[in-house]
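Following this message is one structure expressed as C-alpha cells.
A short reminder: the numbers here are calculations on the coordinates, not readings from a lab. None of the values given here were measured: they were computed from a predicted structure. Because the Cβ atoms are built from the backbone with ideal geometry, glycine has one as well, and the counts that use them run over all protein chains shown.
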Amino acid sequence: MVASKKIGLVGGGNMGEALIKGLLQSGQFDTSRITVSDISRDRLNYIQETYQLSTFSDNGKVARGSDVIILAVKPQQMGDVLAEIKAQVEHLPLVISIAAGVTIATIEQGLGKGVPVVRVMPNTPALVLTGATAIAGGSHANSDHIAMARVLFESVGLVVEVEEAHMDAVTGLSGSGPAYVYLFMEALTDAGVLMGLSRPIARDLAVQTTMGAAKLAAHSDSHLAALKDQITSPGGTTIHGLAVLESGGMRGLLMEAVAEATQRSRELGKK
Ligand SMILES: NC(=O)c1ccc[n+]([C@@H]2O[C@H](COP(=O)([O-])OP(=O)(O)OC[C@H]3O[C@@H](n4cnc5c(N)ncnc54)[C@H](OP(=O)(O)O)[C@@H]3O)[C@@H](O)[C@H]2O)c1
C-alpha cells in the first residue's frame with residue numbers, strides 16, 4: 001500500500017538526497033513514485049542523472065501530483081515554499097516537514113484548510129541509512145499519517161514519535177549529536193597520536209571503536225552502565241581511564257551541551 005503512494009520532495013539538497021537514497025534502497029518505492037523539485041537547476045540535473053527521478057523546478061507541480069509531500073528546504077526558505085504550494089492545498093493529503101525549528105502551527109497556518117502535517121527531525125547519518133528521526137503529528141494528522149511518516153523515515157534509520165514540545169530536545173541531542181561524536185572521535189584520535197600511533201591508524205581505531213560500541217549498545221537490552229562495567233575490571237586500564245573522564249566532568253559537560261543546544265533551537269524557532 002505504501003509502495004503505491006506518490007512521494008513529492010521539495011528541496012533536493014543534503015537531506016533530500018539522503019531520503020531519496022533511503023527510499024530507493026528500502027525497495028518499497030520505485031523511481032516512478034518519487035518526484036523532486038528544487039530551485040537549483042544543477043541540483044535537479046544531478047538528482048535526475050544519479051537516481052533517474054522526474055524533477056521539476058515548479059514546487060506546485062510536484063505538490064499537485066503527490067500523495068505525500070516532503071518539505072526539505074532550509075527553514076528560511078519555508079515561507080516561500082508554503083506560499084507556492086498553498087494553491088494545491090486541496091491536493092495535499094499529507095505534508096511532512098523536516099525543517100529544523102519550523103513549528104507545525106506555522107506550516108498549518110501557511111497552508112490553511114486543515115492539511116495534515118507531520119513534523120520530522122532527522123539527522124545526517126540518514127545519509128548512510130543509520131539516521132535517528134523523531135516525528136510529531138499536527139492537529140489534523142491521524143494515526144495513518146503518522147504511520148506513513150514512520151515508514152518513510154524508517155527507510156533511513158530509527159524513528160521515534162515524540163510530542164512536538166520535545167523537538168528542541170531532539171534537535172539538541174540527535175540533531176546536533178553527530179557533531180559531539182565527531183569531536184569525541186577526533187579527540188580519541190589525537191590521544192592515540194599522543195601515545196605514538198600513526199594518525200591513520202589512530203583514526204581507524206577511534207572510528208571503529210565508536211561504531212562497534214554503538215552497535216553493541218543498539219543490539220543489547222542492557223543498561224549502558226552495565227555494558228561499561230563489562231569491560232571495567234578492578235584496578236584495570238579502563239577504570240583508570242574512566243576516572244580521568246569523570247574527574248574532568250565529561251558527563252556534566254555533555255548534559256550542558258545538549259541543554260545549550262536545546263535552548264538555542266528554542267530561540268531559533270521563535271525567529
Ligand atoms: N542537514 C542536517 O543535519 C539536518 C538535520 C535535520 C533537519 N534538517 C533540515 O533539513 C532541511 C534541509 O537541509 P539540507 O541540509 O538538506 O539543506 P540544503 O542542502 O540547502 O537543501 C535544500 C535545497 O532546497 C533548495 N531550495 C531553496 N529554496 C527553494 C525553493 N523555494 N523551492 C525549492 N527548493 C528550494 C536549495 O537550493 P539552494 O541551495 O540553491 O538554495 C537546496 O538544494 C533544513 O530545513 C534543515 O533544517 C537538516
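Tilt of helix 250-270 relative to the longest C-alpha principal axis of the chain, in degrees (0 to 90, nearest 10)?
20
Can you put E163, E84 in order of Cβ neighbours within 10 angstrom, beginning with the fewest? Walk me through the intermediate numbers first.
Values: E163 9, E84 16.
By the 10 Å Cβ count, ascending: E163, E84.
With the chain treated as a Gaussian network of Cα nodes joined by springs under 10 Å, which of A136, A100, A202 yields the largest mean-square fluctuation?
A202
Under 15 Å between alpha carbons, and skipping anything fewer than 8 positions from K271 in its own chain: which aspartates and glutamates qualify?
D168
Where does helix 177-194 land angle-wise versus the long Cα axis of the chain, in degrees 0 to 90, nearest 10?
Relative to the chain, helix 177-194 is tipped by roughly 30 degrees.
Sticking with this structure for a sec: Once you've got the Cα coordinates, tell me which of K86/K270; K6/K86; K5/K74; K61/K86; K86/K113 are over 21 Å apart. It would help to have the intermediate numbers written out before the result.
Values: K86/K270 23 Å; K6/K86 19 Å; K5/K74 25 Å; K61/K86 12 Å; K86/K113 10 Å.
Pairs exceeding the cut-off: K86/K270; K5/K74.
Where does helix 41-51 land angle-wise versus the long Cα axis of the chain, in degrees 0 to 90, nearest 10?
In the chain, helix 41-51 runs at an angle near 70 degrees to the longest axis.
For A87 and T124 in the same chain, what is the full-extension length gain: residue separation times 0.36 nm, less their Cα-Cα distance, in nm? Kindly include the intermediate steps, with their values, before the conclusion.
Working: separation 37, 0.36 × 37 = 13.32 nm, distance 3.17 nm.
Between A87 and T124, full extension yields an extra 10.2 nm.
In addition: Given 0.36 nm per residue, what is the gain on full extension from E163 to K74 after removing their alpha carbon distance, in nm? Intermediate results must be reported in sequence, preceding the final value.
Details: separation 89, 0.36 × 89 = 32.04 nm, distance 2.21 nm.
The E163-K74 span can extend by a further 29.8 nm.
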